[in-house]
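Following: one structure in structure tokens, then a few remarks.
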Amino acid sequence: MTDANKTIPFYYSMSGDGQEDEKLLEPIRYILQLSGKQIRAKLAKAFNYWLKISNYRVQEINDIVNMLHNSSILIDDIQDNSTLRRSIPVAHSIYGIASSLSAANYVLFIALERVVYLHPGATKVYMEQLLELHRGQGMDIFWRDNFICPSEEDYKTMTIKKTGGLFNLAVRLMKLFSTCEEDFSSLIATLGLYFQIRDDYCNLCLDEYTENKSYCEDLTEGKFSFPIIHALTSNPDDKQIINILRQRTQDIELKRHCIKLLERFGSLKYTRNVLKELDSTARAEIERLGGNPLLVKILDELENWDTIIKKRLRIF
């Protein structure tokens, strides 16, 4: 093991052999070499403004959530046939699909092992949120693979389960150690929608996403993302976008044409307006809950995306 690798966080089973774990979890170590946005850790810290549990417990819960997140990365990249993740080749292109799936599943159970020792009520929370996450992920794949365009409401229900799942898991686990009895589910659902719709938008429009993934990867995947759903439902007689999506194309010029269609149909503007509404809804809910400067700061930082995106849109 190199000195550089020793500095990378790693997940060992509490009951296993460390040297064996390092062999079994090489795909996990690989994706850990480049950190993501750490938005889940920031959100946990922000919610702790209300929950007021020990930093030690927050870190324990963050570790569990990060395990699940990194497990999902390995699986998502296989399910989506991705080529890049965090600017590097996807793990399964190097370690193979079998080893990557094995590592992803193993980490799920390492996380469960820690959950069992965390709190008597933690296992039930873990089970419920993992079931919801897989229901959301499953419907997303079902629509894509069966070529069924969901309604906007169905998309939102799926996203709250899928993207909001890990947010909700972290907060629910934290609440096990808190005296705070406030219901944060509405705020978490709004934040989950905001982050996923923003991600859908940026995948199609923002150049910096090309550095982390292939150009407009959602189009190659054939994904029914939020702007695509709006375009298809508001312009049912125009078959261009649905036919482009059907091809799972990697053609750059064809993708650029699709983006221009999304702009012409008003789908990108509609998505920007929905994001502004979600931002306002989240801020109002934070205020109703008594205010939270840490969460507001996160929203303020993300709010800058509007100005940045308008300057860097591929089609302008």
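Within segment 212-230, can one find any residue that is of a type in the set (Val, Ile, Thr) and open to solvent by 40 Å² or more (accessible area, probe 1.4 Å)?
Within segment 212-230, the first condition is being of a type in the set (Val, Ile, Thr), and the residues that meet it are 220, 228-229.
Now narrow it down to the ones that are open to solvent by 40 Å² or more (accessible area, probe 1.4 Å): none.
No, because not a single residue in segment 212-230 is of a type in the set (Val, Ile, Thr) and open to solvent by 40 Å² or more (accessible area, probe 1.4 Å).
Kindly provide the set of residues from segment 144-176 that are buried (at least 19 other Cβ atoms within 10 Å of the Cβ) and of a type in the set (Phe, Trp, Tyr), ordered by number.
Scanning segment 144-176 gives Tyr155, Phe167.
Taking only pairs six or more apart or across chains, which ones have beta-carbon atoms under 7 Å, a first residue in segment 269-295 that is closer than 19 Å to Asn48 by Cα and free of Cβ contacts under 8 Å to residues at least 24 places away in the same chain, and a second residue that is in a helix (DSSP H, G or I) and of a type in the set (Lys, Arg)?
As it stands, the answer is none, since no pair meets every condition given.
Test Ala103 against the stated conditions and say whether it is closer than 25 Å to Cys180 by Cβ and either among the hydrophobic types (A, V, I, L, M, F, W, C) or in a helix (DSSP H, G or I) (or both). If you could, list the steps in order and put the result at the bottom.
Details: closer than 25 Å to Cys180 by Cβ: no; either among the hydrophobic types (A, V, I, L, M, F, W, C) or in a helix (DSSP H, G or I) (or both): yes.
Against the criterion (closer than 25 Å to Cys180 by Cβ and either among the hydrophobic types (A, V, I, L, M, F, W, C) or in a helix (DSSP H, G or I) (or both)), Ala103 does not qualify.
Search segment 165-190 for residues that are within 20 Å of Tyr155 (Cβ to Cβ) and in a helix (DSSP H, G or I) and pair each with any residue that is open to solvent by 50 Å² or more (accessible area, probe 1.4 Å) and of a type in the set (Ser, Thr, Tyr) when their beta-carbon atoms are under 8 Å apart and the residues are at least 6 apart or on different chains.
These pairs meet every condition: Asn168/Ser185; Thr190/Thr281.
Leu112 is checked against (1) open to solvent by less than 80 Å² (accessible area, probe 1.4 Å); (2) free of Cβ contacts under 8 Å to residues at least 40 places away in the same chain; (3) not in a helix (DSSP H, G or I) and fails just one. What number does that condition carry?
Only one criterion is unmet by Leu112, namely (3).
Scan segment 68-85 and tell me whether some residue there is among the small types (Gly, Ala, Ser), over 30 Å from Gly121 (Cβ atoms) and either assigned to a helix (DSSP H, G or I) or modelled with pLDDT of 95 or more (or both). Even if it seems obvious, please write down each step before you answer.
Going residue by residue through segment 68-85, those that are among the small types (Gly, Ala, Ser) are 71-72, 82.
Next cut, over 30 Å from Gly121 (Cβ atoms) only: 82.
From what is left, the residues that are either assigned to a helix (DSSP H, G or I) or modelled with pLDDT of 95 or more (or both) are none.
No, segment 68-85 contains no residue that is among the small types (Gly, Ala, Ser), over 30 Å from Gly121 (Cβ atoms) and either assigned to a helix (DSSP H, G or I) or modelled with pLDDT of 95 or more (or both).
The values are calculated or read from the model by the stated rules, or taken from the named source; none is laboratory data. Please read these numbers as outputs of a predicted model, since none were measured by experiment. Reconstructed Cβ throughout: ideal geometry from the backbone, glycine too, with neighbour counts over all protein chains shown. Only protein heavy atoms, including side chains, enter the accessible area calculation; ligands, DNA and RNA are left aside. Shrake-Rupley method; radii C 1.70, N 1.55, O 1.52, S 1.80 Å.
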